[in-house]
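Chemist: Provided herewith is a single structure, encoded as structure tokens, for subsequent inquiry.
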Amino acid sequence: MARLNALGLETAITELDVRLRVPPSAADLERQRAIYNGLLSTCLAARNCKTFVSWGFTDKASWVPSAYPGYGAALPFDEQYAAKPAYYGMRAALGG
């Protein structure tokens, strides 16, 4: 993002999801949390990052299982709409 900013270009993180083999282990969910946290933190720190959007919010409606059999759990909320570690990683990046 720094290189793109130096060129005067805006950036965006869009359609983000981080698919995991299902069922995910605690380590998988922690790694996913770190990715969501790191990407949002990077976007917030970059003057040129104007957008951060995930590809939905709940695993219940995710496209991932149909496209990648054996994978899923890609979004910040599970199929019962309960917050997953990825949600808390983004929340931490936002200062909460």
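The values are calculated or read from the model by the stated rules, or taken from the named source; none is laboratory data. Everything numeric in this text was worked out from a predicted model, so none of it was measured. We place every Cβ from the backbone using ideal geometry, glycine too, and count neighbours over all the protein chains shown. Quick note on the areas: whole protein, heavy atoms, side chains included, nothing else; ligands and nucleic acids left out. Shrake-Rupley method; radii C 1.70, N 1.55, O 1.52, S 1.80 Å.
Chemist: What is the one condition in (1) within 17 Å of Asp28 (Cβ to Cβ); (2) open to solvent by less than 50 Å² (accessible area, probe 1.4 Å); (3) touching a residue at least 12 places away in the same chain (Cβ under 8 Å); (4) in contact with a strand residue (DSSP E or B) (Cβ under 9 Å, 6 or more places away or on another chain) that Pro85 does not satisfy?
Modeler: (4)
Chemist: Using the structure shown, decide if Leu44 is among the hydrophobic types (A, V, I, L, M, F, W, C), outside any strand (DSSP E or B) and open to solvent by 70 Å² or more (accessible area, probe 1.4 Å).
Modeler: So Leu44 passes the test.
Chemist: Follow-up. If only one of Ala82, Ala73, Ala6 is among the hydrophobic types (A, V, I, L, M, F, W, C) and at positive phi, which one is it? Talk me through it step by step, then tell me what you get.
Modeler: Details: Ala82 fails: at positive phi; Ala6 fails: at positive phi.
Ala73 is the lone residue from the list that is among the hydrophobic types (A, V, I, L, M, F, W, C) and at positive phi.
Residues are listed down the side, and each one gets a yes or a no for (1) among the hydroxyl-bearing types (Ser, Thr, Tyr); (2) surrounded by fewer than 15 Cβ atoms within 10 Å (Cβ to Cβ); (3) touching a residue at least 60 places away in the same chain (Cβ under 8 Å):
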residue: Leu40; (1), (2), (3): no, no, no
residue: Ser62; (1), (2), (3): yes, no, no
residue: Pro69; (1), (2), (3): no, yes, no
residue: Pro76; (1), (2), (3): no, no, no
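Chemist: Any chance you could count how many residues in region 59-96 are of a type in the set (Ser, Thr, Tyr) and outside any helix (DSSP H, G or I)?
Modeler: Of the residues in that region, 4 qualify.
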